[in-house]
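Visitor: Let me give you the structure first, and then I'll get to my questions.
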Amino acid sequence: MTSLGLYLTKKSVNKAMVSRRTGISQARLSQLTSNQSTKLRADELYLIALAIDIDPGKMFKEVFSDLKLEN
């Protein structure tokens, strides 16, 4: 499961509702939540955040919390 998938599961988000509100297909949401090699686009994250009434910045920080700059 991806970090987005874990986030949505933690928030008990219904992916069918997200799909209806955002226009992102259920197949694409499934890829984004289960396939580590699938890249999440900024516009998709923004729409998902709006659909579940979460601040996009906070969601971004949590979903990508594992990214760090190299020294």
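The values are calculated or read from the model by the stated rules, or taken from the named source; none is laboratory data. As the structure is a prediction and not an experimental result, all values here were calculated from the model. Glycine gets a Cβ as well: all are built from the backbone with ideal geometry, and neighbour counts include every protein chain shown. Heavy atoms of the whole protein, side chains included, go into the accessibility calculation; ligands, DNA and RNA do not. Shrake-Rupley method; radii C 1.70, N 1.55, O 1.52, S 1.80 Å.
Here's the yes/no breakdown for (1) on the phi < 0 side of the Ramachandran plot; (2) in a helix (DSSP H, G or I); (3) of a type in the set (D, E); (4) in contact (Cβ under 8 Å) with a residue 12 or more places away in the chain:
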residue: L6; (1), (2), (3), (4): yes, yes, no, no
residue: M17; (1), (2), (3), (4): yes, yes, no, yes
residue: D53; (1), (2), (3), (4): no, no, yes, no
residue: K61; (1), (2), (3), (4): yes, yes, no, no
residue: D66; (1), (2), (3), (4): yes, no, yes, yes
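Visitor: May I ask you to list the residues in the range 4-32 that are β-branched (V, I, T) and open to solvent by 10 Å² or more (accessible area, probe 1.4 Å)?
Guide: Scanning the range 4-32 gives T9, V13, T22, I24.
Visitor: Same structure again: Please identify the pairs in which a residue from the range 33-46 that is open to solvent by 80 Å² or more (accessible area, probe 1.4 Å) has its Cβ atom under 7 Å from the Cβ atom of a residue that is in a loop (DSSP other than H, G, I, E, B), counting only partners at least 6 apart or on another chain.
Guide: Listed by first residue and then by second, the contacts come to Q36/T2.
Visitor: Read through the list (1) assigned to a loop (DSSP other than H, G, I, E, B); (2) exposed (fewer than 12 other Cβ atoms within 10 Å of the Cβ), then give the number of the only condition that M1 fails.
Guide: Condition (2) is where M1 drops out.
Visitor: Hey, another quick one. Determine, yes or no, whether K61 is basic (K, R) and surrounded by 15 or more Cβ atoms within 10 Å (Cβ to Cβ).
Guide: Numbers: basic (K, R): yes; surrounded by 15 or more Cβ atoms within 10 Å (Cβ to Cβ): no.
Considered against the rule, which asks whether it is basic (K, R) and surrounded by 15 or more Cβ atoms within 10 Å (Cβ to Cβ), K61 comes out as no.
Visitor: Would you confirm whether or not the range 32-40 contains a residue that is within 11 Å of the chain's Cα centre (by Cα) and assigned to a loop (DSSP other than H, G, I, E, B)?
Guide: Scanning the range 32-40 turns up at least one residue that is within 11 Å of the chain's Cα centre (by Cα) and assigned to a loop (DSSP other than H, G, I, E, B).
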